[in-house]
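Undergrad: The structure under discussion is supplied below as structure tokens; questions concerning it will follow.
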Amino acid sequence: MDQQEEINKELNELSPFLAKLKKEPDGFEVPHNYFKALPDEIMSRIEAEEQSSRSEAPGFSWLQQWQAALQGLLQPQYAMALASVVLLLVATWWWFAPNSAMAEQENVFATLSEEEILNYIDDHIDTFGPELVTVVEQADQPTDLLPALPIEDAEAEEYLDEILNELDDAELEELL
Amino acid sequence: MANNTDEQILQLLAQKGSYERGFRLLISTYQERLYWQIRRLVIEHEDANDVLQNCFIKIYKNIDRFKGNSKLYTWLYRIATNEAITFLNKKQRKATIAIDDEGLHLSNKLEADTYFDGSRAQLQLQKALCTLPEKQRAVFNLRYFEEMSYKDMSAVMGTSVGALKASYHHAVKKIEHYLKSVEI
């Protein structure tokens, strides 16, 4: 028994009605000359896809791709947006970037020892204006230090009394 | 299927100079069989045409993966069947059609298809088929329309012969029950 006979016998045993229905055309149709034209159509699609994948291949036209991207960005609507973004970036950098001259000075001071700095100030004290001297003095003085210490007034007075008692007359005179 | 033709196709495809000629021969040999397998699953001609063309493009790109462990035609049927089922699943997801409504949706498409001109009995048969799950429909089509052996069907569907027999017999019973219920 060949394969077709075997399949039909199986179907006939399962459903004689379906076996009978199988002999009729199933009703599906295709457009005229569909199968004749199909191989060419498929080969054209394959060729088009291959061409497209070749042009997208890396290294083939990276310069062309850059040019195309740049040309796209130079379109008026994109150029305005791009210019705004660039301006914003430059302004942000300008605002937050450290002043280079000041940074250089800070670097020079960092290499000096405290003694050298003090000597420099002593030698050039006459050249500093009164405003700068006042500012430096104020910066050197601890402000609002006492309120931060948890010392009661009575304790502070007791401490001062102890110090005063330890001083001899000559030291006291010098202090006053 | 003519094994000689398959051998000729594979020989032509093996050489760069004759690759296109080999592929054209593959298309002309299998286009109709693959078309009908796809068409009976997706129903509409336009959809079948899209799926078939995509299927041949996939075959063109992946023919080097065919190692000759199975017959060329079962390998091709496997790709075509998978493509058609993937297409249906994608379409179902896009259209958010409920699984229960999928059969109704397909049978409505069949009635609207200008390339379907079957008798009332054939229309009802197709409607009955649309009520089956996609894989069972594929199994039924391979046995009933394509008259494929269970062994080859096993290579196409990746399922055991026993499971395919059970699936086909069950499908026949379900279809017969449907057709009796609509009184053909």
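Undergrad: I'm told B:M148 meets every condition in (1) surrounded by 22 or more Cβ atoms within 10 Å (Cβ to Cβ); (2) away from chain A (no Cβ under 13 Å) except one. Can you identify the failing condition by its number?
TA: Failed condition: (2).
Undergrad: Could you tell me which numbered condition B:A80 fails, if it satisfies all but one of (1) surrounded by fewer than 19 Cβ atoms within 10 Å (Cβ to Cβ); (2) within 12 Å of the chain's Cα centre (by Cα); (3) within 29 Å of A:Q3 (Cα to Cα)?
TA: If we test B:A80 against (1) surrounded by fewer than 19 Cβ atoms within 10 Å (Cβ to Cβ); (2) within 12 Å of the chain's Cα centre (by Cα); (3) within 29 Å of A:Q3 (Cα to Cα), just (1) comes out false.
Undergrad: Hey, another quick one. Return yes or no: is B:Y178 crowded, with 16+ Cβ neighbours inside 10 Å, within 16 Å of B:A128 (Cα to Cα) and more than 10 Å from chain A (Cβ to nearest Cβ)?
TA: yes
Undergrad: Between a residue in segment A:39-58 that is facing chain B (nearest Cβ under 7 Å) and any residue that is among the aliphatic types (A, V, I, L, M), which pairs come within a Cβ distance under 7 Å, given they are 6 or more apart or on different chains?
TA: A:P39/B:I27; A:I42/B:I27; A:R45/B:I57; A:I46/B:I57; A:E49/B:I57
Undergrad: In segment A:5-38, what residues are within 7 Å of chain B (Cβ to nearest Cβ), of a type in the set (F, W, Y) and in a helix (DSSP H, G or I)?
TA: Scanning segment A:5-38 gives A:F17, A:F35.
Undergrad: Taking only pairs six or more apart or across chains, which ones have beta-carbon atoms under 8 Å, a first residue in segment B:159-175 that is more than 10 Å from chain A (Cβ to nearest Cβ) and within 15 Å of B:A138 (Cβ to Cβ), and a second residue that is surrounded by fewer than 20 Cβ atoms within 10 Å (Cβ to Cβ) and among the charged types (D, E, K, R)?
TA: B:S167/B:K135
Undergrad: Right, A:Y78: modelled with pLDDT of 65 or more, at negative phi and either part of a loop (DSSP other than H, G, I, E, B) or in contact with a helix residue (DSSP H, G or I) (Cβ under 7 Å, 6 or more places away or on another chain) (or both) or not?
TA: Yes.
Undergrad: Let me ask you something else. Go through segment B:120-144 and report how many residues are surrounded by 16 or more Cβ atoms within 10 Å (Cβ to Cβ) and in a loop (DSSP other than H, G, I, E, B).
TA: 2
The values are calculated or read from the model by the stated rules, or taken from the named source; none is laboratory data. None of the values given here were measured: they were computed from a predicted structure. So basically every Cβ, Gly included, is an ideal-geometry build from the backbone, and we count neighbours across all protein chains shown.
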